[in-house]
Each structure stands twice: as C-alpha cells, then as structure tokens.
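Q: I am attaching a structure below and will ask some questions about it afterwards.
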Amino acid sequence: RGWLRELLKRWARYRLQSATMAPQGVSHALWSFKELERFCELSGIELADSDQLSRRLLEEVLDHVARLPLAWNSKHALLRHVKVVLDDVDRHGWVRLAREARYFRDELPSQSHSLPRFIDEAVMRQLESDQALARLEDETTITAVVVLMETGLRSQDALLLPADPIVLLADGSPVLRFVNHKRRREAAIPISDRLLTRIRYQQQRTARAFPNGSPWLLPAIGGRNGQGQQPYPYGTLLMRLTTWLAGLELVDAQGAPVTVTPHQFRHTLGTRMINEDIPLEVIRRMLDHGSLADHVNDMSPTNNPSQLHEER
C-alpha cells in the first residue's frame, strides 16, 4: 500500500503548508485511514492501487465503523476525516479515484449534542491546590497546567505561547496574548494576578535556562532543546498529566473515582462563567469562539477518534 502512504503524506504536507488544518487535525485524519487499512486487513482486501478504493469498499467501511465501540461523535469524526481527504484528492487530481469513491455529508453518523463535560467543583478544588500542583514533575509543566485551568485555552494554543505573552492595560490589568490556531488569528483575554505571577516566574526560569533567549514561554524540557527553540510538546504534556492525575487518585463529591482530560479545563471555565451569570457573548469572547454556535459545539463533549481525551 505504498501508494496510499505517499498519497497521505502529500495530503498532510498540503494541509500543513497551506495552514488549512491544525497538526492535530491532520494527525486525526491519518489515524482515520489507519482504521480503514485495518478494516481491509481484517477483510482480506489488498489495496494494491487506487482503483480498489471503491464506493463499495467505503460502504463496507461505513458498516464497520458503525460497529466500533466508539462514541457516536467519534464515528462521525472518523468518517468525516476520510471524506475530507478523499475530497481533497479528487479536487487536486493527485491520484485517479473512481467517480463514486466518496462519502456524502448526509450519510455520516449525526453528531450528538450532550451536556458539557465540565469538571466537578469538588474535583477542581483537589486539582487547583498547591499540594496537588507540586506533585507535577517540573515547574514548566506546572505553568502549563495553571494556564490551561485559568484561561481555558486549547492545549495547542497554550503550549505555543510566545516568550512574553503579557500586555498590561492602562489601568495595569494583565491581558494574555495568544494565537488561536483553530481560527488562525491572534486573540487576547484578561487573566488573574495569580496567573500573571506564575507567568513572570516561568519567564525568569526560562531566561536562566536559555541565556540566549527562547521564543516560547514554555520551551521543551531536556537536552535536545539546548537552544530553547523547541516548544513544549503536546505528547509530553499529555504523558505527564496522565501520570499526575493517576497519582492524585481523584474522587468526586460522592467519593467515586473520576478521570480528567486537559480539554475539560476549557469546559469547566465556560461552565463556571455561565454559573456566575456572565453573558454568553462575554464567554464567547473569553473562549475566542467565532460564533455562539461554535461556543455551544466546543462546550459539548470531546470525542476525537484517535484521542478521545483531547482537543476540539
């Protein structure tokens, strides 16, 4: 299946170079095709060339995905990513596909709109305590987690904060500048004095670690980043968060064990603001959504097929 790998590489390069899809979205799309390949292996289908990527095969994949033990939104996302890639391939003529080898929007599983996946306040009190944060592996990870908790930023946006993301308004109030990579635009939100203190502390640590300067507030940790040019990787954050959360043995108000994911910090911030009767338009601006519809979608449970625990 060398032709398919080369085709997917070409598609990934196109999407990344044109900045029309975030790296995580590209990764999810590639995972979706791995599921398609897995189905072919289980069914004894050899995708020797593009002609075998037929409408009949895609219909069989639809049935296969319907039986997978995934949330409904995850099934929708998996098939939608396959559709996006095939549509791009057809549009650019990168390989010759059968005319009917595509999915149509109305045949994909519909998305459900469930209640927001916010974190219970009893659990948040455990997570936000100085004792809990001190159990993280290093100060840079602590800063990353505090940023996620207090701002509701998506992980990608938080990890790519510039070295000095703070702007002080005329009255001295601190504002955090960041790039919304999903919307491909700059944005700014007000932050607390507590977070400002944490960011200033992180800047001091980064300056000591990289005397020649680093472009990132949260540079990668380790010997391979000697010049400070690499940002903190999402995979490292997820690994350290997973270890940290498992060690905390979190329980809800009823004493039942709970699991927490990074994107839930975003849901929780939005839910807290709603509970404080903050107008939806203000919340939309705080979370930097393009519209109120985007806000509602983002506050719905996250169900990415390749990582059911991260990012919209």
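The values are calculated or read from the model by the stated rules, or taken from the named source; none is laboratory data. From a predicted model like this one, the values you see are computed outputs, not experimental measurements. All Cβ positions, even for glycine, are placed from backbone atoms using ideal geometry, and neighbour counts span all protein chains on display. To get the accessible areas, we keep the full protein, side chains included, count just its heavy atoms, and leave off ligands, DNA and RNA. Shrake-Rupley method; radii C 1.70, N 1.55, O 1.52, S 1.80 Å.
Q: What aspartates and glutamates could a cross-link reach from K182, if we take a straight Cα to Cα line under 16 Å and drop same-chain neighbours fewer than 8 places away?
A: K182 reaches D157, D288, D294, D298, E310, E311.
Q: Now for a different question. Go ahead and estimate [θ] at 222 nm for the chain from helices alone: -39,500 (n - 2.57) per DSSP H run with n ≥ 4, summed, over the residue count, rounded to 500.
A: Mean residue ellipticity at 222 nm (helix-derived): -16000 deg cm²/dmol.
Q: Another question, if that's okay. Can you sort Y201, Y103 by solvent-accessible area, 1.4 Å probe, largest first?
A: Y201, Y103
Q: According to the square roots a ≥ b ≥ c of the eigenvalues of the Cα gyration tensor, what is the shape class of region 1-90, taking rounded for a/c under 1.5, prolate for a/b larger than b/c otherwise, and oblate for the remainder?
A: Verdict is oblate for region 1-90.
Q: R102: net charge of surrounding residues, Cβ under 9 Å, Lys/Arg +1, Asp/Glu -1, itself excluded?
A: It works out to a net charge of 0.
Q: So which lysines pass the test for K83, namely a Cα distance under 18 Å, with those fewer than 8 places away in the same chain ruled out?
A: Cα-Cα hits under 18 Å: K9, K34, K75.
Q: Subtract the Cα-Cα distance of R135 and K9 from 0.36 nm times their separation in residues, and report this length gain in nm to one decimal.
A: Here the answer is 41.4 nm.
Q: Once label points are set 7 Å from the Cα along Cα→Cβ at both L169 and E41, what is their separation, rounded to one decimal in nm?
A: It is 5.5 nm.
Q: While we're on this one: Between 0 and 90 degrees, rounded to the nearest ten: what's the tilt of helix 234-248 against the longest Cα principal axis of the chain?
A: Taking the Cα atoms of the chain, the angle to 234-248 is about 60 degrees.
Q: Here's another thing I want to ask about it. Rank V85, V95 by accessible area, highest first, at a 1.4 Å probe radius?
A: So the residues, ranked largest to smallest area, are V95, V85.
Q: Oh, and also: Pop out the carbon and sulfur fraction of the accessible area of the chain as a percent, whole number, probe 1.4 Å.
A: 52 percent
Q: Given contacts defined as C-alpha pairs under 8 Å and at least six residues apart, what's the relative contact order of region 166-245, whole-number percent?
A: For region 166-245, the relative contact order is 15 percent.
Q: If one takes the longest principal axis of the Cα atoms in the chain, at what angle in degrees, from 0 to 90 and to the nearest 10, does the Cα axis of helix 72-92 lie?
A: So the helix axis and the longest Cα principal axis differ by about 60 degrees.
Q: Angle, helix 23-43 long axis vs. longest principal axis of the chain, Cα atoms, 0 to 90°, nearest 10?
A: 40 degrees
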